[in-house]
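Novice: Here it is, the structure in full.
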Amino acid sequence: MSDTVIDKTPNIIIDPTKVKGDRKRRMTVGEIVAFVLLILLTCTMLFPVIFMISTALKTSKEMLQFPPTIIPETFAWDNFKTLFTNDEIKFGILYKNSIIVAGLSVVGTVFSSALVAYGFSRYRAKGKKIMFMLMISTMMLPYPAVMIPQFILFSNLGWMNTFLPLIVPTFLGSAYQIFLLRQFFMSLPNELYDSGKIDGCSEFRLFWKIALPLSGPALATVAIFTFIWTWNDLLGPVLYLSSQEKFTLPVGLAAMMSSKFRIAPYNLLMCASIMTTLPVVAIFASAQKHFTEGIVLTGIK
Amino acid sequence: MKLSESKRENFYFYLFILPWLIGFLVFALYPILASLYYSFTDYDIISSPRFIGLDNFRELFQDELFYKSILVTLKYTFISVPLGLFLSLIFAMLINMKIPARGFFRTAMYFPSMVSGVSMSLLWFWIFNPEAGIFNYILSLFGVKGPAWFLDEKFAMWGLIIMTFWGVGAGMIIFLAGLQGVPASLLEAAKLDGAGKWRSFWSVTFPMISPVFLFQLIMAVIESFQVFTQAYVMTQGGPNYSTRFYVFNVYVSAFKDFRLGYAAAMAWLLLVAILIVTVIIMKSSNRFVYYEGGRD
């Protein structure tokens, strides 16, 4: 199966709207229909987002009003303040925890995956094909299938209610990211390494001084993928984190939904959701180009 | 010198892939084998595991909840996966047309996919609120009295399926990349040969993006076999087990009931199921997937 998914040539995406001379062309009937359809679809897609923002800015009273208002009668900006100052919610701590876990996971995954990907792309070795096949097959390994023994392992190590079970495995590479980076390293010409070799660089130095600096976009893609994945992950943190002091954002948000409040404070929950989504949106906005390149680079095509 | 060169490469290869190799052994291979072992034991994590042979599997095959969780998961998969793939392909094709503001449409459609599963669940639980929710309000404008959604066992699953529509942007982006890789020359050639839109889609576009389609199909099926967040955040598997997804069921057995052996048996069956389904899809894909330059 490994041979079928892989495509070594990265694609270049050409955006037809950017092609000159295309602008003044009249739209066909089909294109007008598509355009109108897309406007309707986009409105439907964005409506829940608008409703999320609107709920976040409502007072607890207006929140329960029926029929619901779209534009709040009074803008309750204080909700955001409440979120961070409320002792029950401890949103600041949740935020800090998520940053620690996601941050260290990014460092671990990027470094270890790059190392392994470099190994797969540069050397000919006995058993390499088998290793590669094994690596590819773990891409599809469902986490729930391995979570019970992992849980027992970590609980025997005494790592319960710490970030270690979430962070340590990331320092051992992630199959998907290794695959992505390997595709990238394969595209670097071998001649690049020759000058380094003549200078007597060690193998690790070739990796560190030549391969890595040339791989900015690919590494950024891996970092973004990893960040978003760990930032949004629920199941892992649910298993290993038991006290509120250690909760990451998804676990904390899910906990806010239950128990403590008689009616779930949806306005605060929506504030929290907005605050949780913001970093992801910011990262996407600043790195959208790398990201699209990266998706294509994985050879999904 | 030449002789040691291959040895040297061997050495560095294994040195560089060492982190992955350790990770593979400790966090993939060992858990798979240990999971199989635990599935033959009675284990509550406090006392040591007790070997009970096939008892867990015997019990599983008489466990109504186990069957229910399979049915729930399959129902969700059979509806949401085809629907999701179909919609994301259609949206990608719309955006791929020569229309203004494509960048805006792409971003807007993708936007919901940046919202985490938990936030998304909270938001939709609120939208589907039977009394104050906006979904039922909008229905009421059309004279329809909305159901109680996640509080009604007949509608909870449909609520979750409607939610998946909101996440099609992620698949759409990948299809879009695939569509943009279809050579314009091929489409022109089809046009010159007198092929209509419909014909050129099935004869040119679809074959060219079929590998993307296969990848998305497999990933979507694997993902929907592992639904957990929605059940954990919104429904707790209810009402009346109507959203008791397979992985949520495993989670409850293992970490609420502390029946780790029993849960390991279920987890192992999940692994086998995913393997079988992937192989079936891969095998049947020979009929519809086209690879440029043939396949090895």
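Novice: Hey, could you check the range A:168-207 for residues that are outside any loop (DSSP other than H, G, I, E, B) and of a type in the set (Asp, Glu) and say which is farthest from the chain's Cα centre (by Cα)? Walk me through how you get there before you give the answer.
Specialist: From the range A:168-207, those outside any loop (DSSP other than H, G, I, E, B) are A:168-172, A:175-186, A:191-198, A:203-207; that's our starting set.
Going one step further and asking which of them are of a type in the set (Asp, Glu), we end up with A:191, A:194, A:203.
Working: A:Glu191: 34, A:Asp194: 36, A:Glu203: 31 Å.
The selected residue is A:Asp194.
Novice: Also, I was wondering about something else. Where residues in the range A:114-173 are within 9 Å of another protein chain (Cβ to nearest Cβ) and charged (D, E, K, R), which of them is surrounded by the most Cβ atoms within 10 Å (Cβ to Cβ)?
Specialist: Only one residue tops the list, namely A:Arg122.
Novice: Just checking, does the range B:169-179 include any residue being part of a helix (DSSP H, G or I), exposed (fewer than 14 other Cβ atoms within 10 Å of the Cβ) and more than 10 Å from chain A (Cβ to nearest Cβ)?
Specialist: To start, the set of residues in the range B:169-179 that are part of a helix (DSSP H, G or I) comprises B:169-179.
Retained after the next criterion (residues that are exposed (fewer than 14 other Cβ atoms within 10 Å of the Cβ)): none.
Within the range B:169-179 (the criterion being part of a helix (DSSP H, G or I), exposed (fewer than 14 other Cβ atoms within 10 Å of the Cβ) and more than 10 Å from chain A (Cβ to nearest Cβ)), the answer is no, since none of the residues qualifies.
Novice: Here's another thing I want to ask about it. Among the candidates B:Gln216, B:Gln236, which residue alone is within 25 Å of B:Phe150 (Cα to Cα) and either at pLDDT below 90 or touching a Leu at 6+ places or on another chain (Cβ under 8 Å) (or both)?
Specialist: On the way: B:Gln216 fails: within 25 Å of B:Phe150 (Cα to Cα).
Being within 25 Å of B:Phe150 (Cα to Cα) and either at pLDDT below 90 or touching a Leu at 6+ places or on another chain (Cβ under 8 Å) (or both) holds for just one of B:Gln216, B:Gln236, which is B:Gln236.
Novice: Could you pull out the residue among B:Phe255, B:Phe245 that is buried (at least 22 other Cβ atoms within 10 Å of the Cβ) and closer than 24 Å to A:Leu141 by Cα?
Specialist: B:Phe245
Novice: Right, something else. Pick from the range A:50-69 the residues that are of a type in the set (A, V, I, L, M) and at pLDDT below 85: which of them is nearest to the chain's Cα centre (by Cα)?
Specialist: If we filter the range A:50-69 for residues that are of a type in the set (A, V, I, L, M), which is where we start, we get A:50, A:52-53, A:56-57, A:63-64.
Then keep just the ones that are at pLDDT below 85; that gives A:63-64.
Details: A:Met63: 31, A:Leu64: 34 Å.
Looking at residues that are of a type in the set (A, V, I, L, M) and at pLDDT below 85, I get A:Met63.
Novice: Among the residues of the range A:149-162, count how many are closer than 24 Å to A:Gly103 by Cα, of a type in the set (S, T, N, Q) and in a helix (DSSP H, G or I).
Specialist: Matching residues across the range A:149-162 total 2.
Novice: Answer yes or no: is there a residue in the range B:52-60 that is modelled with pLDDT under 90 and farther than 23 Å from B:Trp149 by Cβ.
Specialist: The first filter runs over the range B:52-60 and keeps only residues modelled with pLDDT under 90, leaving B:53.
Now drop any that are not farther than 23 Å from B:Trp149 by Cβ, which leaves B:53.
The answer is yes; a qualifying residue exists.
Novice: Restricting the first residue to the range B:25-51 and requiring it to be within 22 Å of A:Ile136 (Cβ to Cβ) and at the interface with chain A (Cβ under 9 Å from one of its Cβ atoms), which pairs with a second residue that is among the aromatic types (Phe, Trp, Tyr) and buried (at least 18 other Cβ atoms within 10 Å of the Cβ) meet a Cβ separation below 7 Å and a spacing of at least six or different chains?
Specialist: B:Ser35/B:Trp268
Novice: Let me ask something else. Identify all residues within the range B:95-136 that are part of a helix (DSSP H, G or I), of a type in the set (Val, Ile, Thr) and free of Cβ contacts under 8 Å to residues at least 24 places away in the same chain; write none if there are none. Walk me through how you get there before you give the answer.
Specialist: Within the range B:95-136, the subset part of a helix (DSSP H, G or I) is B:95, B:102-114, B:117-127, B:134-136.
Add one more test, that the residue is of a type in the set (Val, Ile, Thr), and what stays is B:95, B:107, B:118, B:127, B:134.
B:Thr107, B:Ile127, B:Ile134, listed by residue number.
Novice: Now for a different question. Could you tell me which of the residues A:Pro217, A:Pro165 is more than 21 Å from B:Phe13 (Cβ to Cβ), assigned to a helix (DSSP H, G or I) and modelled with pLDDT under 90? Let's see the steps before the verdict.
Specialist: Numbers: A:Pro165 fails: modelled with pLDDT under 90.
Result of the check over A:Pro217, A:Pro165: A:Pro217.
Novice: Right, here's the next one. Can you tell me which residue within the range B:258-295, out of those that are of a type in the set (D, E, K, R) and surrounded by fewer than 20 Cβ atoms within 10 Å (Cβ to Cβ), is farthest from B:Gln62 (Cα to Cα)?
Specialist: The extreme case among them is B:Glu292.
Novice: Next up: Does the range A:92-99 contain at least one residue that is closer than 27 Å to B:Arg106 by Cα, of a type outside the set (Val, Ile, Thr), within 12 Å of another protein chain (Cβ to nearest Cβ) and in a helix (DSSP H, G or I)? Lay out the reasoning, then the answer.
Specialist: Start the filter on the range A:92-99 by keeping residues that are closer than 27 Å to B:Arg106 by Cα, which leaves none.
No; the residues of the range A:92-99 include none that is closer than 27 Å to B:Arg106 by Cα, of a type outside the set (Val, Ile, Thr), within 12 Å of another protein chain (Cβ to nearest Cβ) and in a helix (DSSP H, G or I).
The values are calculated or read from the model by the stated rules, or taken from the named source; none is laboratory data. Worth saying up front: this structure is predicted, and the values here are computed from it rather than measured. So basically every Cβ, Gly included, is an ideal-geometry build from the backbone, and we count neighbours across all protein chains shown.
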